[in-house]
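What follows is calculated from the coordinates using simple rules that are stated; it is not laboratory data. Quick caveat: nothing in here was measured; it's all calculated off a predicted structure. Glycine also receives a Cβ, built like all others from the backbone with ideal geometry; neighbour counts cover every protein chain displayed.
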Amino acid sequence: MSPQYVKPYGKGKKTDAHEAEAIGEAVTRSSRRFVAVKSVEQQDLPMLHRVRERCIKARTALVNPIRGLLSE
């Protein structure tokens, strides 16, 4: 379920037990829509983009000090 539908049923502080109870209460309501389950391919593509972004940041972090040392 989408978190925005579960939040109104939350009670007290945010603990695993309270969140599980809120999810159980929200699921019993028939007027709520559920989030579609993503396929493996749909999960893989954003992961590849995140890994690529991290590689680019790491490369930039490595090249910048080298460039600074070479310019001195």
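Computed over the chain, the per-residue total of -39500 (n - 2.57) for DSSP H runs of n ≥ 4 gives a 222 nm mean residue ellipticity of -22500 deg cm²/dmol, rounded to 500. Remark: the HIS49-SER2 segment gains 14.5 nm on full extension, using 0.36 nm per residue and subtracting the alpha carbon distance. Taking 20 Å as the straight-line reach from the Cα of LYS7, the aspartates and glutamates in range (excluding those fewer than 8 positions away in the same chain) are ASP16, GLU19, GLU21, GLU25. Principal-axis analysis of the Cα atoms of the chain puts helix 16-28 at an angle of about 60° to the longest axis.
Hey, can you rank 51-64, 12-25 by average C-beta count inside 10 Å, highest first?
Details: 51-64: 9.9, 12-25: 12.0.
Averaged packing, sorted descending, gives the order 12-25, 51-64.
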